[in-house]
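Here is the structure we will look at.
The values are calculated or read from the model by the stated rules, or taken from the named source; none is laboratory data. Note that the structure is predicted; figures quoted are calculated from it, not measured. Cβ: placed from backbone, ideal geometry, glycine included. Neighbour counts: every protein chain shown. Side chains are part of the model used for accessible areas, which takes the heavy atoms of the whole protein and leaves out ligands, DNA and RNA. Shrake-Rupley method; radii C 1.70, N 1.55, O 1.52, S 1.80 Å.
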Amino acid sequence: MILIDGKKIAAELREELKQEVAELKTKYNKVPGLTVILIGDMAPSQIYVRNKEKSANEVGLKSEVIRYPDTVEEKTILEKIEELNNDENISGILVQLPLPKHIDKQKVIETIIPSKDVDGFHPMNVGNLSSGYESSVPCTPLGCYLMIKKIEPNLSGKKAVVVGRSNLNGKPMTQLLLKENCTVTITHSRTKDLKAECLEADIIVAAVGIPELVKGDWVKKDAIVIDVGINKTENGLVGDVAFDEVSKVAKALTPVPGGVGPMTIACLLKNTIDCFKRSQK
Ligand code: GUN
């Protein structure tokens, strides 16, 4: 079984991106800039944002975190986004989710100009991705996609099952696999026989947030299994895949932690650089 080492693949990607940033600096005499807006003091968001900032600096991007208390008015956030939209030194804008209840998430997402939307959440980017046009692609599914391609460069005709239909993961993951000519099944909480669906799959991407949902006897021999889940349980951090069981049948499997997580952040850096490059065209 191949343990898909997300940490290592992400480090390799960061090394490539660092090289690219250096070349862009020579060519344009400036580097891509990423601004993250962080509202409130939720611990997981603080950790994500700290990691994002550290990685951005490591590859040579200009990065800035703007912090607000969770009492901040929606109007303040929208005005700041407008200001960043118009700032030519900023290539990418990310507003860390989740947001406090009084702030309208969709309004925030739609205020970010699509060309700086490094999350790929703006309806314009969602539409472009589903139409097969150039767009920002959400970082987590992009990271999953790059790991799958490392294991299996030719995905044409493969059967893929995506477990979970969120806008963040399941739906964009489906689009990426479809673009690679996979036959994709999207499953979710109302799917009648999830085990039977998974057993058909050459590739499974589990992104539902249910601890160890995908069992060993749900997986076809030599399938590639990507685990997007991060679930806190009494037994510590576990994914959406029963790792020990599935590792006995799968061809390749991502661990939790150390699989998808590091790739998500590396892909955010990639998206920031890609936004910069498109803006220079
Ligand atoms: N919170 C958890 N994951 C993400 C992400 O990918 N983007 C944003 N903006 N917030 C998040």
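Note: relative contact order over the range 172-281, using C-alpha pairs below 8 Å and six or more positions apart, is 20 percent. If I compute solvent accessible area with a 1.4 Å probe over the protein chains, what percent of it on the range 141-281 is carbon and sulfur? Taking all protein chains in place, the range 141-281 shows 50 percent carbon and sulfur surface.
Percent of Cα pairs in the chain per distance bin of 5 Å, from zero to the largest separation: 1, 6, 12, 16, 18, 16, 13, 9, 5, 2, 0, 0. Pick out the long, greasy-scoring helices in the chain: whole DSSP H runs spanning 27 Å or more along their own axis by Cα, mean Kyte-Doolittle at least 0.5. None pass (Cα extent of 27 Å or more, hydropathy at least 0.5).
Based on protein heavy atoms only, the chain ends up with 49 Å² per residue of surface accessible to a 1.4 Å probe. Under 8 Å for C-alpha pairs, at least 6 residues apart: give me the relative contact order for the chain, rounded to a whole percent. Rounded, it is 21 percent for the chain. Structure note, pairs Lys158/Lys220; Lys27/Lys270; Lys27/Lys62: Cα-Cα distances above 21 angstrom do not occur. The smallest convex shape that holds all Cα atoms of the range 1-95, its convex hull, gives 108 Å³ per residue. Ordered by solvent-accessible area of protein heavy atoms (1.4 Å probe), largest first, the residues Arg165, Arg278, Arg190 come out as Arg190, Arg165, Arg278.
Taken over the range 193-264, the percentage of Cα pairs per 10 Å bin, counting from 0 up to the bin with the maximum distance, is 23, 57, 19, 0. Size descriptor for the range 25-71, Kirkwood hydrodynamic radius: 11.7 Å (Cα pairs only, one decimal). With a cut-off of 10 Å between beta carbons, the residues surrounding His122 carry a summed charge of -2, where Lys and Arg count +1 and Asp and Glu -1. Pairs from the table (Lys52/Lys101; Lys171/Lys192; Lys171/Lys215; Lys192/Lys251; Lys30/Lys107; Lys179/Lys281) lying more than 29 angstrom apart at Cα are Lys30/Lys107. In the chain, the DSSP beta bridges split such that about 10 percent are antiparallel, to the nearest 5. Dipole orientation for the range 135-208: of the candidates Leu168, Cys182, Leu146, Leu168 has the Cα lying most toward the positive pole (charges on Cβ; Lys, Arg +1; Asp, Glu -1).
From a point 7 Å beyond the Cα of His102 in the direction of its Cβ, which residues of the range 17-38 have a backbone N at a distance under 20 Å? Residues 37-38 fall inside that zone.
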